[in-house]
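Report on the following structure.
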Amino acid sequence: EENEHHSSKPRVVRECRAVMPVSETFRTVVLVFLGTHIPATLMMDSQALLPPAIVPGFMKSLLDFHVRTNSDPLMADPPAWFKSFILFELMFQLPFFFIGFKAFYERRNWIRMPGVVYGAHTATTLIPILAVILHPATAFPDEAARWRLFFIYLPYLLVPASMAYALGVDDKPFGAKGGPNKLKIF
């Protein structure tokens, strides 16, 4: 009788290695995305909700330039549903930009669930925004203007969706210990 421990069958040894779904390249993309989204939210998007009397002139000029250059109907005359997205951007996403930037900069694994929630929520809000831009009933000076605006908004779908995926596939997105900060920004 053969003992189980002395089987003639070869043992298969599986190598365990640390999976780190957040690459340095993607980490850099997220840091740039979050870092640039802070001033965009404060100076541009917030104007959909703020009374015009309290908006500084330079911010009005920035928004006017964007609307004229990119034919953005949503920012030119924001509908109520779009304003609700901006409200949530100011209340939830804006604080996340700071927290997420710090966590990605320091390679902190605790950002996993907040990042999944942020990414899934933000990507979801972009679906109706992009649908309005692509809908034939939405007036644009020409098709080139429609596609230019589509591609301006598209990263706000792709980066958050990618973040939700990258953070969701592993409970340690930055490796077992979170790893050292290799990126030198400051």
**Request:** Take ALA48 and decide whether it is farther than 18 Å from TYR156 by Cα and at pLDDT 95 or above.
**Result:** no
**Asked** Just a yes or no: is a residue in region 56-73 among the β-branched types (Val, Ile, Thr) and over 19 Å from the mean Cα position of the chain (by Cα)?
**Response** yes
**Message:** Out of ILE86, ILE99, I need the residue that is open to solvent by 80 Å² or more (accessible area, probe 1.4 Å) and either of a type in the set (Val, Ile, Thr) or touching a residue at least 40 places away in the same chain (Cβ under 8 Å) (or both). Which one?
**Reply:** ILE99
**Checklist (1) of a type outside the set (Gly, Ala, Ser); (2) closer than 30 Å to ARG108 by Cα; (3) open to solvent by less than 60 Å² (accessible area, probe 1.4 Å) applied to PRO56, failing item** = (2)
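The values are calculated or read from the model by the stated rules, or taken from the named source; none is laboratory data. This is a predicted model, so every value here is computed, not measured. In this analysis, Cβ positions are derived from the backbone assuming ideal geometry, glycine residues included, and neighbour counts consider all displayed protein chains. The protein model used for the area step is the full one, side chains on, heavy atoms only, and it has no ligands, DNA or RNA in it. Shrake-Rupley method; radii C 1.70, N 1.55, O 1.52, S 1.80 Å.
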